[in-house]
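The values are calculated or read from the model by the stated rules, or taken from the named source; none is laboratory data. Here the structure is a predicted model, which is why all the values come from computation and not from measurement. All Cβ positions, glycine included, derive from the backbone under ideal geometry; neighbour counts span all protein chains shown.
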Amino acid sequence: MAFFKKSRFTVDIAVENSREALIALYQTMTGAFILIPEKTWSYILSDPVAPADPAAIDMLCDQGFLVKEGVDETIVFENWKQQYVHDFSTLRSKVLVTRKCNNRCRYCILDPEAREMSPDTARAMDRFYIEIIQEKNPQRVEDDYLGGEPLLNSEIILESAARRFYYCLGRGIEYGFTITTNGTLLRPSMISGMKEVGLTGIRVSLAGPAPVHDFLRPSKNNGKTYDLIMENLQAVSGLIPINIECQYDSGALDFLSIPEMLDDMGERHIAIENITFTPILARRGESPYDSGMGDPKILQYLMQEAEKRGYLQDREAPSNTCMADFRARFVFDTDGSIIPCPSLQGGEMAYGHVTKGIDFVSESQLLKRRLPDRCLNKCPILPICMGGAACRPWFMRRILTGSIVITIPIVFFLKITSDRGPLRFCLRERISA
């Protein structure tokens with residue numbers, strides 16, 4: 001008879017329930033999530049032969065909550081990860097068209113730089129990218145243009161996207177791109193022109209109602225930006241899907257006023273497709289915003305307030321993967337260098353260039369960065385971050401101290417599933433390792 005053990009990637013949490021004691025199980029590799037009676041789970045863990053209900057044991061094994069004794073799950077993780085590393089069904093890129101910005105957000109993790117992408121560099125970048133599209137023949141290409149403030153260099157966005165759009169159109173490849181912007185330069189004519197070459201949506205950063213937003217996200221000249229952004233959103237509302245990313249300081253009470261911003265958008269009849277909330281994380285060096293993820297109840301409160309107003313919330317666990325780990329993902333810097341993450345300064349950790357291709361020596365050193373043993377062989381959320389947090393040591397510290405391990409992947413799933421009874425599935429199906 002087989003012996004079983006709890007997978008190292010299984011997080012189990014007791015759930016309050018008036019009917020019976022339940023345990024929430026979340027498998028960070030397969031994405032499986034169930035509720036199971038506490039007595040059943042305790043019995044299974046106490047008896048490694050697990051003579052309990054064979055159907056329940058088979059289900060728990062199939063979803064990855066249990067594995068056979070002797071299984072090396074570090075190797076399982078590596079094999080599982082390779083499926084994503086070499087998946088070219090969708091090709092993705094992030095393009096820093098400028099590092100200049102017309103805002104001076106107090107918590108920005110990047111220092112503004114007087115650098116922007118030239119037409120020559122953009123053409124070289126697109127030649128490099130299109131060659132990869134031709135070689136890999138993906139089903140879909142998804143790009144995101146950002147900065148700095150990308151609309152300061154909107155002509156480059158339009159020209160680059162057009163080259164990619166028409167190439168993919170000729171090859172029968174689905175193409176779409178988005179723009180991540182502070183919203184101060186949005187214009188209907190600009191949006192209409194970009195929609196013709198594949199613009200599928202915009203993501204706009206906000207920080208709350210006017211008093212909060214204008215303090216945290218002032219203009220370059222320390223001017224107010226909230227009303228301008230709202231007027232611009234009104235002008236483009238209905239032309240393109242609008243996604244809002246609202247950052248909040250988990251160390252302050254400003255988050256309590258964010259529902260005022262949600263109401264304001266409703267009163268202005270701005271059609272918002274999605275709103276996400278993200279805590280302000282400390283930047284390198286000195287930062288007054290060092291509360292990090294903070295109390296998860298803050299995020300839960302904001303998500304509930306958004307849902308009350310009709311903005312459905314994504315319940316997926318967060319990820320902090322490094323784009324350099326994936327062969328089908330690229331980050332192009334303003335000078336044409338290929339970097340691991342747009343959250344880096346110009347040229348930082350570059351491992352290639354659009355005119356020369358990938359520097360395989362530099363890439364090998366980047367990809368083989370050594371993770372601490374407690375990450376590689378012990379951390380239950382390794383499949384969620386895939387070691388990407390190693391690029392940001394201050395974020396890694398928060399993971400290792402436990403502030404993310406349990407609260408973020410689990411607590412918000414419970415809100416939507418705790419009344420569904422035991423052994424109910426949610427999230428994605430098992431991915432074969």
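Before moving on, here are some points about what is shown:
- Condition check for Arg104: farther than 30 Å from Ala328 by Cα, out of contact with any helix residue (DSSP H, G or I) (no Cβ under 9 Å at 6 or more places or on another chain) and basic (Lys, Arg): yes
- Failed criterion for Val97 (all others in (1) at pLDDT below 95; (2) surrounded by 20 or more Cβ atoms within 10 Å (Cβ to Cβ) hold): (1)
- Qualifying residue in the stretch 115-125 (condition: acidic (Asp, Glu), in the same structural domain as Asn232 (by TED's automatic domain parsing) and touching a residue at least 12 places away in the same chain (Cβ under 8 Å)): yes
- Set side by side, the residues Gln304, Gln300, Gln247 differ, and just one is of a type in the set (S, T, N, Q), modelled with pLDDT under 90 and more than 30 Å from Ala122 (Cα to Cα), which is Gln300.
- Residue that is modelled with pLDDT under 95, in contact with an Asp or Glu (Cβ under 9 Å, 6 or more places away or on another chain) and among the acidic types (Asp, Glu), where the choices are Glu348, Glu363, Glu286, Glu316: Glu348
- Within the stretch 198-229, considering residues that are assigned to a helix (DSSP H, G or I) and in contact with a helix residue (DSSP H, G or I) (Cβ under 7 Å, 6 or more places away or on another chain), the one surrounded by the most Cβ atoms within 10 Å (Cβ to Cβ): His213
Residues are listed down the side, and each one gets a yes or a no for (1) more than 16 Å from Asn232 (Cα to Cα); (2) outside the structural domain of Pro241 (by TED's automatic domain parsing); (3) under 22 Å from the mean Cα position of the chain (by Cα); (4) surrounded by fewer than 16 Cβ atoms within 10 Å (Cβ to Cβ):
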| site | (1), (2), (3), (4) |
| --- | --- |
| Ile133 | yes, no, no, no |
| Pro138 | yes, no, yes, no |
| Glu142 | yes, no, yes, no |
| Glu149 | no, no, yes, no |
| Arg163 | yes, no, no, no |
| Ile173 | yes, no, no, no |
| Thr180 | no, no, yes, no |
| Thr184 | no, no, no, no |
| Ile191 | no, no, no, no |
